[in-house]
Amino acid sequence: MLPLIMAVILVLVQVGLLVRDHILVVHVTREAARAAAITPTTEAATAAAINATDLDANRLTVTTSGGQFTGQHLKVLVSYKTKPTMPIVGHLFPDITITEALTVRVE
């Protein structure tokens, strides 16, 4: 019975870590979009995304598309590939890519 309880606890912790990563990706997307609204380049959005959180920059992808000039709409897309880290149950979860998009108006 105890191993089953421990497995359930580990699964719940892993799900909690995935939810945490999703919340951080939403935050990173907002920061990247805010930076891209001022300087509409992928480089500016990527730099803002990397500086906004402690997510692994090697697994973070930022792309922009759309407007380059004031008043145009610019779409920022952020993807982050999570890796399950909990012992035993982490191997049951595949790598999951979390993707968020936000459209802003270029200032």
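The values are calculated or read from the model by the stated rules, or taken from the named source; none is laboratory data. Please read these numbers as outputs of a predicted model, since none were measured by experiment. Glycine also receives a Cβ, built like all others from the backbone with ideal geometry; neighbour counts cover every protein chain displayed.
One residue stands out among those in the range 17-40 that are more than 13 Å from the chain's Cα centre (by Cα), surrounded by 14 or more Cβ atoms within 10 Å (Cβ to Cβ) and of a type outside the set (G, A, S): the one that is farthest from S79 (Cα to Cα), which is P40. Among residues of the range 18-42 that are within 14 Å of D56 (Cα to Cα), those with a Cβ under 7 angstrom from a residue that is in a helix (DSSP H, G or I), sequence gap 6+ or separate chain, pair up as V28/A49; V28/A52.
If the condition is being loosely packed, with under 13 Cβ neighbours inside 10 Å and of a type in the set (G, A, S), then the range 64-107 contributes S65, G71.
Each residue in the range 41-56 was checked for being more than 18 Å from Q68 (Cα to Cα), out of contact with any His (no Cβ under 7 Å at 6 or more places or on another chain) and crowded, with 16+ Cβ neighbours inside 10 Å, and 3 of them qualify. Checking each residue in the range 41-53 for being over 16 Å from the mean Cα position of the chain (by Cα) and of a type in the set (G, A, S) picks out only A44.
Of the residues making up the range 83-97, not a single one is touching a helix residue (DSSP H, G or I) at 6+ places or on another chain (Cβ under 7 Å) and modelled with pLDDT of 95 or more. Residue-level check: of (1) more than 17 Å from T42 (Cβ to Cβ); (2) part of a loop (DSSP other than H, G, I, E, B), T97 misses just (2).
It is to be established whether one or more residues within the range 78-86 are in contact (Cβ under 8 Å) with a residue 60 or more places away in the chain, of a type in the set (S, T, Y) and either in contact with a strand residue (DSSP E or B) (Cβ under 7 Å, 6 or more places away or on another chain) or more than 25 Å from V11 (Cβ to Cβ) (or both). Yes, the conditions are met somewhere in the range 78-86.
Per-residue answers, yes or no, for (1) closer than 16 Å to A32 by Cα; (2) touching a helix residue (DSSP H, G or I) at 6+ places or on another chain (Cβ under 8 Å); (3) in a helix (DSSP H, G or I):
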residue: A44; (1), (2), (3): yes, yes, yes
residue: I50; (1), (2), (3): yes, yes, yes
residue: V62; (1), (2), (3): yes, yes, no
residue: T70; (1), (2), (3): no, no, no
residue: L74; (1), (2), (3): yes, yes, no
residue: Y80; (1), (2), (3): yes, yes, no
residue: V104; (1), (2), (3): yes, yes, no
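Suppose the filter is touching a helix residue (DSSP H, G or I) at 6+ places or on another chain (Cβ under 8 Å) and part of a helix (DSSP H, G or I); does A37 pass it? The answer is no for A37.
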